[in-house]
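Undergrad: Provided herewith is a single structure, encoded as structure tokens, for subsequent inquiry.
The values are calculated or read from the model by the stated rules, or taken from the named source; none is laboratory data. Quick caveat: nothing in here was measured; it's all calculated off a predicted structure. Using ideal geometry, Cβ is built from the backbone for each residue, glycine included, and neighbour counts are taken over all protein chains shown. These accessible areas exclude ligands, DNA and RNA; they are computed on the full protein's heavy atoms, side chains included. Shrake-Rupley method; radii C 1.70, N 1.55, O 1.52, S 1.80 Å.
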Amino acid sequence: MLLKKSRYSRNRNRWQNLFKPWHQVDLLLFLLPIAVSIFGGFMIFSTELSQGETKWLSHFSMASVGFLIALLIARSCYEVLRQWHWVTFALTNASLIAVMAIGVSAKGAQRWISIGSFNVQPSEFAKIGAIITLAALLNKRTASTLPNFFRALAVTAVPWGLVFLQPDLATSLVFAAIVLAMLYWANANPGWLILLVSPVVAAILFSIPWPWTEPLVLAKGIFLTPLGLIWSLTMALIGWRTLPGKKFGLGGIGALSLNLLGGELGIFAWNNVLREYQKGRITSFLNPEQDPLGTGYHLIQSRIAIGAGKWFGWGPFNGPMTQLNFVPEQHTDFIFSAVGEEFGFIGCLVLLLVFCLICQRLLHVALTAKDNFGSLIAIGVLAMIVFQMAVNIGMTIGLAPVAGIPLPFMSYGNSAMLSNFIAIGLVESVANFRNLKKY
């Protein structure tokens with residue numbers, strides 16, 4: 001009897017010793033992305049069934065490699081990255097410059113570096129580099145003062161600009177979401193964050209012909225729209241309340257001028273810089289029926305596929321829109337439309353709940369991290385996943401422009417899959433080293 005107990009005790013200790021390096025990881029945060037990746041591979045297989053392609057194999061392979069990398073990162077102390085954040089920053093920018101020099105072009109953009117038969121997209125990994133660099137900077141100096149606020153912006157503007165020049169507008173938008181979330185978490189004034197994005201909003205409100213808002217012509221080539229004017233005056237009020245120079249209203253005047261200038265630049269870009277197909281991509285989600293065979297085609301077909309699924313869907317491999325390839329890019333950006341058609345509203349709801357659980361675990365790690373550096377890393381990853389999920393699903397149902405942003409862990413994309421699992425591994429490292437225990 002004693003021999004059996006000692007043998008059981010040895011076996012238990014052996015298993016405990018095996019998992020010691022991951023003793024405090026968030027198990028749910030590991031399991032949920034794996035489950036989504038498996039489901040994503042299943043959906044990619046369904047979209048390729050009538051085409052005879054095998055991208056689903058690559059999807060599963062990258063998910064497996066990404067999971068192993070995440071395991072290795074989770075057992076390594078993330079605090080080392082704080083000491084090497086400038087090296088991370090330099091490598092990030094060097095990879096983005098290399099794309100511009102020796103990158104491979106496709107669909108009008110130069111975003112990939114070819115390594116053998118594998119195309120690497122550095123902008124995907126640049127998001128991780130930006131999170132690490134910004135977390136280290138904000139850990140040292142919070143964004144509660146304007147000098148520190150602009151210092152953090154200046155550093156992240158370098159990789160953002162390089163990504164924008166590729167051009168990769170979708171990834172540059174993800175960069176913006178990451179930076180805004182991390183600045184907010186680092187005690188930046190919310191008014192400053194609103195003012196930071198306000199010129200872009202002003203450019204949209206001034207340049208796009210919105211219904212029931214006739215422009216007010218001030219002079220030749222200079223006019224205002226009612227919505228743009230209301231927005232600019234609101235930003236002036238926020239600037240007056242949050243920026244220095246409140247006594248003389250300098251902050252308000254500056255915010256008003258910045259938004260009016262942003263609006264006029266938006267009008268100029270709309271009329272003289274953007275091509276017709278680019279305008280169509282921006283506005284097609286408002287009324288895709290205007291160009292049903294052109295810019296609105298993706299969205300119309302996607303909405304039909306999702307609507308055809310009704311409550312419970314057509315079942316695996318039975319969706320007519322999916323199997324007959326009516327929805328373009330269904331294995332990448334429009335993978336959610338295949339879920340909607342084959343698994344219906346209930347399937348979409350379950351997938352959204354799983355993503356919400358992933359985000360909840362990321363937020364939990366951010367709140368329980370032992371230092372600000374780890375907390376900021378978790379918030380950066382949370383912002384990256386939330387923004388990509390919201391925009392991707394939004395564009396498939398007509399609530400956002402078609403931006404070419406993949407659905408995390410679901411869409412086909414080797415670099416995106418690896419970067420997402422690396423991000424999860426970093427957050428798991430933060431969770432794993434919350435309280436050091438001696439064994």
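Undergrad: Could you tell me whether any residue of the stretch 311-331 is under 24 Å from residue 132 (Cβ atoms), open to solvent by 10 Å² or more (accessible area, probe 1.4 Å) and without any contact (Cβ under 8 Å) to a residue 60 or more places away in the chain?
TA: no
Undergrad: What pairs come up if the first residue lies in the stretch 225-247 and is free of Cβ contacts under 8 Å to residues at least 60 places away in the same chain, the second is charged (D, E, K, R), and their beta carbons are under 9 Å apart, counting only those six or more places apart or on different chains?
TA: Close Cβ pairs (under 9 Å, with a partner that is charged (D, E, K, R)) amount to 225/214; 226/214; 240/246.
Undergrad: Looking at residue 50, is it surrounded by fewer than 21 Cβ atoms within 10 Å (Cβ to Cβ) and out of contact with any Phe, Trp or Tyr (no Cβ under 8 Å at 6 or more places or on another chain)?
TA: yes
Undergrad: What is the number of the single condition among (1) surrounded by fewer than 22 Cβ atoms within 10 Å (Cβ to Cβ); (2) at pLDDT below 90 that residue 402 does not meet?
TA: Among (1) surrounded by fewer than 22 Cβ atoms within 10 Å (Cβ to Cβ); (2) at pLDDT below 90, residue 402 violates only (1).
Undergrad: Separate question: Could you tell me which of the residues 407, 367, 436 is in a loop (DSSP other than H, G, I, E, B), surrounded by fewer than 19 Cβ atoms within 10 Å (Cβ to Cβ) and modelled with pLDDT under 95?
TA: 436
Undergrad: Then there is this: Residue 344: of a type in the set (Gly, Ala, Ser), surrounded by fewer than 18 Cβ atoms within 10 Å (Cβ to Cβ) and either touching a Gly at 6+ places or on another chain (Cβ under 9 Å) or not in a helix (DSSP H, G or I) (or both), yes or no?
TA: So residue 344 does not fit the description; no.
Undergrad: Could you count how many residues in the stretch 163-175 are assigned to a helix (DSSP H, G or I) and open to solvent by 30 Å² or more (accessible area, probe 1.4 Å)?
TA: Summing the residues that are assigned to a helix (DSSP H, G or I) and open to solvent by 30 Å² or more (accessible area, probe 1.4 Å) in the stretch 163-175 gives 3.
Undergrad: Out of all the residues in the stretch 118-156, which are in contact with a Lys or Arg (Cβ under 8 Å, 6 or more places away or on another chain), free of Cβ contacts under 8 Å to residues at least 12 places away in the same chain and open to solvent by 60 Å² or more (accessible area, probe 1.4 Å)?
TA: 141
Undergrad: Could you please tell me which pairs satisfy a Cβ distance under 6 Å, a separation of 6+ or placement on different chains, a first residue in the stretch 380-391 that is under 14 Å from residue 416 (Cβ atoms), and a second residue that is in a helix (DSSP H, G or I) and open to solvent by 10 Å² or more (accessible area, probe 1.4 Å)?
TA: Within 6 Å, the pairs are 387/177.
Undergrad: Follow-up question, since we're still on this one. Name the one entry in 68, 96 that is under 20 Å from residue 416 (Cβ atoms), modelled with pLDDT of 90 or more and part of a helix (DSSP H, G or I).
TA: Only one candidate passes the filter, namely 68.
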